[in-house]
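The structure appears right after this line, and notes come after that.
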Ligand code: ADP
């Protein structure tokens with residue numbers, strides 16, 4: 001069956017049409033600048049990208065344009081919308097209500113709305129996408145796939161913060177974790193690809209992209225992860241600070257004459273690799289700057305790699321061992337230097353990187369030596385395919 005996968009952001013929307021039998025992408029693209037001027041990117045498999053400037057005052061026009069492109073006589077991937085059997089939506093926050101993907105019903109939408117306070121920028125946008133699809137394609141079953149769901153198996157010792165317990169009980173302040181769809185997909189694939197026994201496996205997934213998070217997965221279930229109540233916690237990211245001393249917030253607010261929203265903006269948008277290097281949030285630019293002798297860029301990447309290694313060490317303790325360490329997402333899949341530096345801290349585990357394998361490119365691949373006591377691998381993530389698979393499983 002054909003599944004339309006939709007990831008609705010506040011002013012953008014990414015989509016893929018996937019044939020779930022062959023798991024091939026039939027067409028994909030994105031709408032950008034929704035509510036401003038509007039731009040549709042559409043690419044049918046095997047053809048060049050088409051970029052169209054098109055007015056999209058709201059997500060409704062954006063989705064209408066996507067559906068038109070998908071069914072366009074010349075370059076469409078399908079003849080009519082009847083060929084779309086189901087729609088899978090990425091939903092950022094499922095709070096404690098969703099430990100797995102769910103078919104979208106009125107009750108389900110109400111439950112997602114209850115989580116809006118926890119992700120005020122993302123969840124309302126995700127819900128708009130769901131409602132618009134219901135309006136434009138009535139009768140087509142829809143499924144919500146949550147970024148938080150995979151992490152719901154964490155025990156209280158991993159998800160509670162050292163705060164007054166009323167904040168958890170009254171306001172649901174706890175660690176939720178994000179990128180769950182990726183951590184779930186990659187950890188499952190790791191077990192399969194590396195021939196591990198799922199029911200006796202300890203895997204660490206390092207999802208390193210613009211946003212980064214690490215998770216510890218025992219017997220297929222998440223036991224800990226680095227992102228928290230929000231995606232700001234954990235390792236240093238493209239523009240996010242990751243974990244810092246919370247007292248810095250008050251200190252900087254006073255020094256820079258900012259309110260809390262102002263400091264949060266700095267922590268989310270002006271910190272991380274971007275803020276530390278003063279160069280860019282993009283790892284490729286940092287590597288170039290380091291080549292040219294930029295000390296700040298070097299420190300930024302060192303802080304990132306050291307931070308990753310410390311979380312990995314922490315998770316080895318949390319799981320009392322580790323069978324495999326997996327790198328995924330933009331940096332994890334492509335940056336041999338970051339992988340090398342992280343692994344340079346892990347010799348005490350008997351983890352040994354195979355330099356040649358680490359420098360090679362490709363899909364799923366082992367990058368540790370045959371003698372390494374811990375398997376190290378690169379496994380490309382594919383959140384859209386994971387959403388497609390969950391959607392099919394729930395609507396079939
Ligand atoms: P997002 O979190 O937006 O999905 P991605 O997973 O696409 O992000 O990761 C983006 C990051 O991957 C950027 O920091 C980018 O520099 C990095 N990246 C992409 N390709 C390469 C490469 N060839 N070498 C090093 N870093 C790369």
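All of 351, 360, 289 fail the test of being buried (at least 23 other Cβ atoms within 10 Å of the Cβ) and either closer than 16 Å to residue 216 by Cβ or within 16 Å of the ligand (Cβ to nearest atom) (or both), apart from 351. Remark: pairs (first residue in the stretch 322-349, free of Cβ contacts under 8 Å to residues at least 24 places away in the same chain; second residue outside any loop (DSSP other than H, G, I, E, B) and within 16 Å of the ligand (Cβ to nearest atom); Cβ separation under 7 Å; 6+ apart in sequence or on different chains) = 336/358; 336/359; 340/358. So, in the stretch 101-130, of the ones that are outside any helix (DSSP H, G or I) and touching a residue at least 60 places away in the same chain (Cβ under 8 Å), which residue ends up nearest to the chain's Cα centre (by Cα)? Filtering the stretch 101-130 for residues that are outside any helix (DSSP H, G or I) and touching a residue at least 60 places away in the same chain (Cβ under 8 Å), the one nearest to the chain's Cα centre (by Cα) comes out as 122. Listed here are the helices (runs of 4 or more DSSP H) enclosed by the stretch 156-209 that have at least 3 residues being without any contact (Cβ under 8 Å) to a residue 24 or more places away in the chain and either surrounded by 15 or more Cβ atoms within 10 Å (Cβ to Cβ) or over 21 Å from the mean Cα position of the chain (by Cα) (or both): 156-159, 165-171. Only one of these is within 13 Å of the ligand (Cβ to nearest atom) and assigned to a helix (DSSP H, G or I): 253, 300, 261. Name it. Only one candidate qualifies: 300. In the stretch 309-323 there is at least one residue matching the filter, namely being closer than 21 Å to residue 358 by Cβ, outside any helix (DSSP H, G or I) and touching a helix residue (DSSP H, G or I) at 6+ places or on another chain (Cβ under 6 Å).
Within the stretch 208-222, being under 21 Å from residue 173 (Cβ atoms) and either within 14 Å of the ligand (Cβ to nearest atom) or out of contact with any strand residue (DSSP E or B) (no Cβ under 9 Å at 6 or more places or on another chain) (or both) holds for 211, 213. Restricting 54, 102 to those that are touching a helix residue (DSSP H, G or I) at 6+ places or on another chain (Cβ under 6 Å) and surrounded by fewer than 21 Cβ atoms within 10 Å (Cβ to Cβ) reduces the list to 54.
The requirement of being closer than 20 Å to residue 305 by Cα, surrounded by 17 or more Cβ atoms within 10 Å (Cβ to Cβ), under 22 Å from the mean Cα position of the chain (by Cα) and away from the ligand (no atom under 13 Å from the Cβ) is fulfilled somewhere in the stretch 325-339, by at least one residue.
Among residues that are under 30 Å from residue 197 (Cβ atoms), surrounded by fewer than 19 Cβ atoms within 10 Å (Cβ to Cβ) and within 12 Å of the ligand (Cβ to nearest atom), residue 309 is not included.
Would you confirm whether or not the stretch 223-231 contains a residue that is surrounded by fewer than 20 Cβ atoms within 10 Å (Cβ to Cβ) and within 12 Å of the ligand (Cβ to nearest atom)? Within the stretch 223-231, none of the residues are surrounded by fewer than 20 Cβ atoms within 10 Å (Cβ to Cβ) and within 12 Å of the ligand (Cβ to nearest atom).
Read the figures in this text as sums done on the coordinates, not as results from a lab. Bear in mind the structure is a predicted one, so any value in this text is a computation, not a measurement. In this analysis, Cβ positions are derived from the backbone assuming ideal geometry, glycine residues included, and neighbour counts consider all displayed protein chains.
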